[in-house]
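Down below is the structure, laid out as structure tokens.
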């Protein structure tokens, strides 16, 4: 009997069409391989990477997918800059990898990202490991709280109640290191990619969750005249 992985994320399905046809795709933290299988079925050449490849064992023979076991949090980044027409990440966050993910995209490539997030009112308890100093300041103005850096996109959020109180209703994960800050995905790509779509929503059901979703493109090189920017605003 043929094995099938879980269904792909609706967000990935919605925006996968922006990945150039037949392009190389990096599926980071691939888990059971649901997105690797889906993207290979669209004709892409997929490199599926995870610390533990055991969950993807049932679909390991999928044509068009190269499986790679790697510890990207403790080892080096093994992927060349500009090597992929698509980068897909779901339900995974390790902030030091953000610059590598963006650099891995070829011009015209698409980043499709979806993972758990803090609610805008639940920021606190200090800075997550690897957090961006350009977006947040974990200074001593209020001990144990996280403050937006002056002039950043997040500055309007201000301080908020402790994280654990507001996030408790949304279940796991609860560790701030595994949760995006309000607007953090937008900050991560600001000035480098063109945002096509973005969501920051709470979804209900038996297991409520707060998620951020982003689809963004690396613009192809453009010839700019005097005083013109080659990077579209978002």
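The values are calculated or read from the model by the stated rules, or taken from the named source; none is laboratory data. Bear in mind the structure is a predicted one, so any value in this text is a computation, not a measurement. Note that we place each Cβ from the backbone using ideal geometry, even for glycine, and neighbour counts take in every protein chain shown.
Within segment 1-24, restricting attention to residues that are surrounded by 18 or more Cβ atoms within 10 Å (Cβ to Cβ) and in contact with a helix residue (DSSP H, G or I) (Cβ under 6 Å, 6 or more places away or on another chain), the residue that is nearest to residue 87 (Cα to Cα) is 12. Looking across segment 169-223 at every residue that is surrounded by fewer than 21 Cβ atoms within 10 Å (Cβ to Cβ), in a loop (DSSP other than H, G, I, E, B) and in contact with a helix residue (DSSP H, G or I) (Cβ under 7 Å, 6 or more places away or on another chain), the one that is modelled with the highest pLDDT is identified as 192.
Residue 7 passes every criterion in (1) in a loop (DSSP other than H, G, I, E, B); (2) at pLDDT 95 or above apart from (2). Just one of the numbered conditions (1) touching a helix residue (DSSP H, G or I) at 6+ places or on another chain (Cβ under 9 Å); (2) without any contact (Cβ under 8 Å) to a residue 60 or more places away in the chain is not true of residue 41: (1).
Kindly state which strands (runs of 3 or more DSSP E) lie completely within segment 25-104 and contain at least 1 residues that are surrounded by fewer than 14 Cβ atoms within 10 Å (Cβ to Cβ) and at pLDDT 95 or above. Working first, answer last.
Numbers: elements: 45-50, 65-69, 84-90.
Output list reads 65-69.
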